[in-house]
1. Residues that are farther than 22 Å from Arg232 by Cα and either outside any strand (DSSP E or B) or among the charged types (D, E, K, R) (or both): does the stretch 182-192 have at least one?
2. Among Phe131, Phe151, which is modelled with pLDDT of 95 or more, assigned to a strand (DSSP E or B) and surrounded by 14 or more Cβ atoms within 10 Å (Cβ to Cβ)?
3. Can you go through Thr172, Thr164, Thr159 and tell me which one is of a type outside the set (D, E, K, R) and within 13 Å of Phe214 (Cβ to Cβ)?
4. Quick one: how many residues across the stretch 19-43 are out of contact with any helix residue (DSSP H, G or I) (no Cβ under 7 Å at 6 or more places or on another chain), in a loop (DSSP other than H, G, I, E, B) and buried (at least 18 other Cβ atoms within 10 Å of the Cβ)?
5. Scan the stretch 157-177 for residues that are buried (at least 18 other Cβ atoms within 10 Å of the Cβ), at negative phi and within 20 Å of the chain's Cα centre (by Cα) and jot them down.
6. Taking the condition of being closer than 23 Å to Tyr169 by Cα and among the β-branched types (Val, Ile, Thr), how many residues in the stretch 122-137 meet it?
7. Working only within the stretch 67-115, note down all residues that are on the phi > 0 side of the Ramachandran plot, surrounded by fewer than 15 Cβ atoms within 10 Å (Cβ to Cβ) and modelled with pLDDT of 95 or more.
Amino acid sequence: PTDDPDGDGICDDVDNCVGTANPAQTDSDGDGAGDACDACPNDPTNDPDGDGICDDVDNCIGIANPTQADADSDGAGDACDVCAGFDDSIDTDLDGAPDGCDVCPLDPNDDQDADGACADVDCDSTDPGAFAAPMTVSGVLAHPIGGGHRFTWTDQSMTAGTGTVYDVYTGTLSGLLAGGDFGLGACESDNVVGASHDPPGPDPVVGEAFYFLFRAQNGCPGGTSSFGTNDRDSGAAASGGICD
């Protein structure tokens, strides 16, 4: 008489809900406990974080969040929210970091060369010294110093990359007038590091003058700027003494 005390037609030795009628023996989550007596009929692990919320409806699976608080309404409970205040489900570059907290939301490698520019805007994501092609050198000033002059210009390390260097091309005024272009000049210094340069050699003799042209370059494709105008560039290139 005790073989089926719940009267569901299933003997207790094979009943998946002993003591609770479950005539169809339905077990939706396949955990061996019939739906009629399963605290979590759709959760085979039966609320492993112990917060009283079955995993099939828990907004923090594996982390207790009994109140199911979700301040930003992104579906991830506050106790396990990766990016509080933003939607955790939006991860454009699929790197596991939600866009709202991703330093590079369009770059799954998050600036792998650590130059401060994400790959989607970096001219070369493998070169830590370059992230943008340099511009024409500007802000050039000449400062008298003992025995000569010092040139300074606007540093492009913050706008193009710390690997940006500078070429200095020079010639005489008489050569410029005689040749009609910059072709009689020469590369005075190649790959100058930093935004200043002290030209070697004495000042020009009385009646003569030197000119100096500057350009920036780095490892970006197209990473060599102009000397300022087409005639300067073409003349310097024709001189045979052009900087690399």
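The values are calculated or read from the model by the stated rules, or taken from the named source; none is laboratory data. As the structure is a prediction and not an experimental result, all values here were calculated from the model. All Cβ positions, glycine included, derive from the backbone under ideal geometry; neighbour counts span all protein chains shown.
1. Taking the stretch 182-192 and keeping what is farther than 22 Å from Arg232 by Cα, we get none.
The answer is no, given that none of the residues of the stretch 182-192 is farther than 22 Å from Arg232 by Cα and either outside any strand (DSSP E or B) or among the charged types (D, E, K, R) (or both).
2. On the way: Phe131 fails: assigned to a strand (DSSP E or B).
Of the residues listed, the single one that is modelled with pLDDT of 95 or more, assigned to a strand (DSSP E or B) and surrounded by 14 or more Cβ atoms within 10 Å (Cβ to Cβ) is Phe151.
3. Numbers: Thr172 fails: within 13 Å of Phe214 (Cβ to Cβ); Thr159 fails: within 13 Å of Phe214 (Cβ to Cβ).
Sole residue among the options that is of a type outside the set (D, E, K, R) and within 13 Å of Phe214 (Cβ to Cβ): Thr164.
4. Narrowing the stretch 19-43 to residues out of contact with any helix residue (DSSP H, G or I) (no Cβ under 7 Å at 6 or more places or on another chain): 19, 23-25, 29-40, 42-43.
Then drop every residue that is not in a loop (DSSP other than H, G, I, E, B), which leaves 19, 23-25, 29-34, 38-40, 42-43.
Narrowing the set further to residues that are buried (at least 18 other Cβ atoms within 10 Å of the Cβ) leaves 29, 33-34, 38, 40, 43.
Number satisfying all stated conditions: 6.
5. Scanning the stretch 157-177 gives Ala160, Gly163, Thr164.
6. 2
7. Of all residues in the stretch 67-115, those on the phi > 0 side of the Ramachandran plot come to 68, 73, 75, 85, 94, 96, 110-111, 114.
Right, trim to surrounded by fewer than 15 Cβ atoms within 10 Å (Cβ to Cβ) and you get 73, 75, 85, 94, 96, 114.
Matches in the stretch 67-115: Leu94, Ala114.
Residue-wise test of (1) among the aliphatic types (A, V, I, L, M); (2) at pLDDT 90 or above.
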site	(1), (2)
Thr172	no, yes
Gly175	no, yes
Gly180	no, no
Val192	yes, yes
Pro204	no, no
Glu208	no, yes
Phe214	no, yes
Ala237	yes, no
